[in-house]
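> Dropping the structure in here first, questions after.
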Amino acid sequence: MSTTTTRTSPAASSAPSAINLARTTATAARVLRQLRHDPRTIALMILIPCLMLLLLRYVFDGSPRTFDSIGASLLGIFPLITMFLVTSIATLRERTSGTLERLLAMPLGKGDLIAGYALAFGAVAVVQSVLATGLAVWALGLDVTGSAWLLLLVALLDALLGTALGLFVSAFASSEFQAVQFMPAVIFPQLLLCGLFTPRPAMHPVLEGISNVLPMSYAVDGMNEVLKHTDITTDFVRDSLIVAACALLVLTLGAATLRRRTT
């Protein structure tokens with residue numbers, strides 16, 4: 001009978017725990033270089049939300065008010081979903097290929113690694129959010145009462161939340177297929193309970209209580225605040241801070257799932 005001993009490598013155990021700006025930016029640069037050689041992934045992250053908004057606009061071609069009422073919400077939901085999907089799969093590839101293990105054996109903190117990934121995918125999220133917001137407001141005629149810049153802010157926060165969720169769930173998948181399977185478990189319940197299809201107060205009290213702890217609910221609420229109010233409201237600030245805090249919390253949990261072990 002053979003046994004496998006799991007041990008912690010000395011280099012890994014002595015890796016720094018504090019986030020270092022140079023190590024974080026170096027990690028982000030490496031991830032961006034890899035993405036540059038994967039045009040299909042770039043297209044998925046940047047173009048799919050725009051194509052979905054374009055399709056939605058002409059689905060409701062005869063009812064532009066319907067597009068106005070749900071377009072703002074989906075402007076935040078589409079980037080969240082695409083960033084979740086791409087980030088979870090891309091990070092899982094790093095784990096299964098051994099790249100992540102080699103990085104953790106270097107003097108690289110877990111916080112550096114997670115922050116680097118978040119910074120790289122966050123840069124892509126900025127491009128994605130700018131294109132999707134610009135298309136919705138200036139090309140598709142999405143009618144919002146508030147500033148388009150506030151729409152962009154919430155869309156960006158939603159994309160960052162999707163990135164954080166993708167980084168987190170990748171730790172629990174052993175294949176790309178399993179990573180995709182997390183979407184029905186993590187994203188679909190939020191999509192159903194976020195208030196997109198019916199106001200949350202109109203739901204069953206139990207479902208309303210669940211929706212109150214799901215971050216996508218506040219992403220949709222923030223978009224609706226911009227849709228209805230000319231100025232920044234207290235509710236908008238609250239919703240934006242909750243989405244940002246959830247993204248930060250999930251990133252912290254993602255760092256805790258990293259393992260510094262070799263066999």
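> In square angstrom, what is the accessible area per residue of the chain with a 1.4 angstrom probe?
The answer is 49 Å² per residue.
> Rounding to the nearest 10 and keeping the result within 0 to 90°, find how far the Cα-based axis of helix 176-186 lies from the longest principal axis of the chain.
Value to nearest ten degrees: 40.
> Over region 21-257, with every protein chain in place, what whole percent of the accessible area is carbon and sulfur at 1.4 Å, could you tell me?
70
> With every protein chain left in place, what is the accessible area of S174 in Å² (1.4 Å probe, nearest 10)?
We get 80 Å² for S174.
> Now for a separate question. Take the Cα coordinates of region 105-263, assign each an equal point scatterer, and use the Debye formula without solvent to give log10 I(q)/I(0) at q = 0.15, 0.21 Å⁻¹.
Rounded to two decimals, the profile gives -0.90, -1.42.
The values are calculated or read from the model by the stated rules, or taken from the named source; none is laboratory data. This one's a predicted model, so the numbers in the text were calculated from it and none came from an experiment. Accessible surface is based on the protein model in full, side chains and every heavy atom, while ligands, DNA and RNA are left aside. Shrake-Rupley method; radii C 1.70, N 1.55, O 1.52, S 1.80 Å.
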